[in-house]
Amino acid sequence: MKLLFFDLETTGTLVNKHGIHQMSGFIVIDGEIKEKFNLHVRPNPMAQIDPAALEVAGVTEAQIKAYPPMEQVYAGFVDKLSQYVDRYNKKDKFFLVGYNNASFDNQFLRAWFIQNGDKYFGSWFWANSIDVMIMATPYLAERRAEMENFKQGTVAKTLGIVVEDDKLHDALYDIEICKAIYDKVCGKY
């Protein structure tokens, strides 16, 4: 099974207005981490930038505008994917895996492919993804009323995973926490 654990940091929450500025993740094949990546990307030039979103991620507008252009990062990302998946083989794809990715990150990633002139997102990824937040729900259902919220950090702490709050909202750290939650709720560790 081929999994692409990924997390994005964006310039806001609206996929049709905002853009990606950080993309991090793990390529996991048959349970083994094959590669980790942490990509900083200059957002689409047409993307709006919400200062509050940047504040959450701990970056400035000047920083993200100095990142490599999205076309360059996209080309490298697709090259990385092609090392593990044959996009011309309909039976060889990644499952996208993330925390609340089904309703957020997946849409931003799909839009980013389109912004880079690639309408073949489905050549790389299965349409159905693995959302770790949804997986954690039945696992923690009996404890949910005791929890302040169901954000990733809260869920991780409830599961006994050590979380450094000041590192949250960095895509690389967030995907490490996501993978730890995934492993816990799947009974891997």
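The table below gives the values:
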{"quantity": "Where Trp124 falls short, out of the listed (1) in contact with a helix residue (DSSP H, G or I) (Cβ under 7 Å, 6 or more places away or on another chain); (2) farther than 25 Å from Tyr173 by Cα", "calculated": "(2)"}
{"quantity": "Some residue of region 82-100 being in a helix (DSSP H, G or I) and surrounded by fewer than 18 Cβ atoms within 10 Å (Cβ to Cβ)", "calculated": "yes"}
{"quantity": "Meets criteria (under 20 Å from the mean Cα position of the chain (by Cα), in a helix (DSSP H, G or I) and either at pLDDT 95 or above or surrounded by 15 or more Cβ atoms within 10 Å (Cβ to Cβ) (or both)) for Leu140", "calculated": "no"}
{"quantity": "Flag if Ser123 is in contact with a Lys or Arg (Cβ under 6 Å, 6 or more places away or on another chain), over 18 Å from Val41 (Cβ atoms), in the same structural domain as Ile27 (by TED's automatic domain parsing) and without any contact (Cβ under 8 Å) to a residue 40 or more places away in the chain", "calculated": "yes"}
{"quantity": "Odd one out for Met1 among (1) within 25 Å of Ile177 (Cβ to Cβ); (2) touching a Leu at 6+ places or on another chain (Cβ under 8 Å)", "calculated": "(2)"}
{"quantity": "Phe108 being among the hydrophobic types (A, V, I, L, M, F, W, C), touching a strand residue (DSSP E or B) at 6+ places or on another chain (Cβ under 9 Å), assigned by TED's automatic domain parsing to the domain that holds Lys17 and surrounded by fewer than 17 Cβ atoms within 10 Å (Cβ to Cβ)", "calculated": "no"}
{"quantity": "Residue identified as closer than 20 Å to Gln72 by Cα, surrounded by fewer than 23 Cβ atoms within 10 Å (Cβ to Cβ) and basic (Lys, Arg) among Lys17, Lys36, Lys2", "calculated": "Lys36"}
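The values are calculated or read from the model by the stated rules, or taken from the named source; none is laboratory data. What you see is a predicted model; the values in this text were computed from it and never measured. Positions of Cβ are backbone-derived with ideal geometry, glycine not excepted, and every protein chain shown enters the neighbour counts.
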